[in-house]
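Following: one structure in structure tokens, then a few remarks.
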Amino acid sequence: MVCSAFNADFDGDMMAIHLPLSEEAQRESREIMLSSLNLLKPSAGIPITEPTKDMRLGLYWLTAVPVETETPQAFGSPAEALYAYEVGMVGLRDQIKIQIDPALPRFAGIKDPYLVTSVGRVIFNNILPAELPFVNSVINKGLARKVIADFISLLGVERSYEILDSMKSLGFLYATKSGISWGMDDLVTPPEKYAIIAEAKLKITQNNDQFAQGFVSEAERKQKAINIWQAVEKTLAETTVKHLDQNSPAVIIMKSDASKANQLTLKQMATMKGLVTDPSGGIVEIPVESSYKEGLNSLEYFTSLHGSRKGLVDTALRTSEAGYLTSRHGDYRRRLQRCGRSRDIAGARPESGRRELCGQDIFPHCRGRRGFG
């Protein structure tokens, strides 16, 4: 969870180890650099420490309700529902009704004496502060970030890391219990694929005829061809997802934001890889019609690698250039002169009448900043 705050990864980078020797250096490490105190992004004041990957998948799976029912099982309290789950009377993700106490801050504002929820959502809410409203939704990336921001605002940074640690443990636990796994057989190639591609090829033929007759220029012909195939890709992406079981592992992984998977990646694997780029960065107007599941032929394989090869070479060559540019920026910053003002300058937009910085409230920008001295 702390990797984002420190821009850390595990891809083999080498770095120096600095041992703080003086008391001042040790105090700075404890008060500023400690991971449990770096929960907010200094530039914006928003949470930067949050569940990712498997943790996000586990929380999504825990709080999702796959099947809704008109007559959910009712329980007298959240504790009673948890006990029923422990003895096997109700499922973790089954839809249930629990009787609530409106006097509790967690259920304040809820007029109905019964709350339709699930045991999984009760378990998730048990790790949150009692002062926060009951979170009765499936936990995805956006909602998790909002919940974290809420309890950091309520408790402060110093008391929030324990709840984040509980979220981490809960996410890993239920990602393991979910047993989420998928294979290529889970991806279904929609039967409409071939008709959609055939219709697109007919439009391409008409486009080429217009060019041959002089109605459009070469640039217009190429751009229209690209637009046709991009529309095909979008249609096939939506069609691919529609043909998948919405409770299948592939869809759960995509919806949970646990990975970079989306409709387009599922489309490439199950239906059609689509348009690719050439070494100059332009779009090749002839698409790859096969999917990774079907396998690419020789021409499609060459077309796919044509632009990728240059990307790998550029990555290797430009890494050193980026490091040199960073050092030049550091030299420039050291030569800057102070203007002599002891306070920052805040601008105001006439239409808003509020003191704002770059169109945003100043307070969130200052919340995550920590001084030392």
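Looking at ALA261, ALA250, ALA237, ALA225, which one is touching a residue at least 40 places away in the same chain (Cβ under 8 Å) and closer than 30 Å to THR52 by Cβ?
Going through ALA261, ALA250, ALA237, ALA225 in turn, just one is touching a residue at least 40 places away in the same chain (Cβ under 8 Å) and closer than 30 Å to THR52 by Cβ: ALA250.
Name, by its number, the condition in (1) in a helix (DSSP H, G or I); (2) charged (D, E, K, R); (3) surrounded by 14 or more Cβ atoms within 10 Å (Cβ to Cβ) that does not hold for GLU50.
(1)
What number of residues in the stretch 132-148 are part of a helix (DSSP H, G or I), surrounded by fewer than 18 Cβ atoms within 10 Å (Cβ to Cβ) and hydrophobic (A, V, I, L, M, F, W, C)?
1
Restricting to the stretch 18-47, name every residue that is under 26 Å from the mean Cα position of the chain (by Cα), assigned to a loop (DSSP other than H, G, I, E, B) and among the polar types (S, T, N, Q).
ASN38, SER43
Given the structure, is ASP245 at pLDDT below 95 and among the acidic types (Asp, Glu)?
Yes, satisfied.
Could you pull out the residue among ALA231, ALA219 that is modelled with pLDDT of 95 or more and outside the structural domain of VAL67 (by TED's automatic domain parsing)?
So the residue among ALA231, ALA219 that is modelled with pLDDT of 95 or more and outside the structural domain of VAL67 (by TED's automatic domain parsing) is ALA231.
If only one of LEU115, LEU164 is within 27 Å of ILE252 (Cα to Cα), modelled with pLDDT under 95, surrounded by fewer than 19 Cβ atoms within 10 Å (Cβ to Cβ) and of a type in the set (A, V, I, L, M, F, W, C), which one is it?
Residue meeting the stated conditions: LEU115.
So, ALA44, is that one outside the structural domain of VAL90 (by TED's automatic domain parsing) and either surrounded by 15 or more Cβ atoms within 10 Å (Cβ to Cβ) or at pLDDT 90 or above (or both) or not?
Considered against the rule, which asks whether it is outside the structural domain of VAL90 (by TED's automatic domain parsing) and either surrounded by 15 or more Cβ atoms within 10 Å (Cβ to Cβ) or at pLDDT 90 or above (or both), ALA44 comes out as no.
Quick check on this structure: which one of PHE151, PHE172 is in contact with an Asp or Glu (Cβ under 7 Å, 6 or more places away or on another chain), aromatic (Phe, Trp, Tyr), crowded, with 17+ Cβ neighbours inside 10 Å and not in a loop (DSSP other than H, G, I, E, B)?
Going through PHE151, PHE172 in turn, just one is in contact with an Asp or Glu (Cβ under 7 Å, 6 or more places away or on another chain), aromatic (Phe, Trp, Tyr), crowded, with 17+ Cβ neighbours inside 10 Å and not in a loop (DSSP other than H, G, I, E, B): PHE172.
Taking the stretch 238-273 on its own, how many of its residues are in a helix (DSSP H, G or I), farther than 19 Å from VAL284 by Cβ and not polar (S, T, N, Q)?
Looking only at that region, the number is 13.
Just need a number here: residues in the stretch 211-222 that are assigned to a helix (DSSP H, G or I) and surrounded by 14 or more Cβ atoms within 10 Å (Cβ to Cβ).
3
So ASN227 fits all but one of (1) among the polar types (S, T, N, Q); (2) outside any helix (DSSP H, G or I); (3) over 16 Å from GLN263 (Cβ atoms); what number is the exception?
Answer for ASN227: the failing condition is (2).
Hey, does the stretch 181-194 have a residue that's exposed (fewer than 15 other Cβ atoms within 10 Å of the Cβ), under 30 Å from GLY120 (Cβ atoms) and among the hydroxyl-bearing types (Ser, Thr, Tyr)?
Looking for residues that are exposed (fewer than 15 other Cβ atoms within 10 Å of the Cβ), under 30 Å from GLY120 (Cβ atoms) and among the hydroxyl-bearing types (Ser, Thr, Tyr), one finds at least one in the stretch 181-194, hence yes.
For the stretch 70-91, give me each residue that is more than 11 Å from THR117 (Cα to Cα) and assigned to a loop (DSSP other than H, G, I, E, B).
Result: GLU70, THR71, GLY76, SER77, VAL87, GLY88, MET89, VAL90, GLY91.
The values are calculated or read from the model by the stated rules, or taken from the named source; none is laboratory data. Predicted model only: the values in this text are computed from it and were never measured. Don't worry about glycine lacking a Cβ; one is built from the backbone with ideal geometry, like all the others, and counts go over all protein chains shown.
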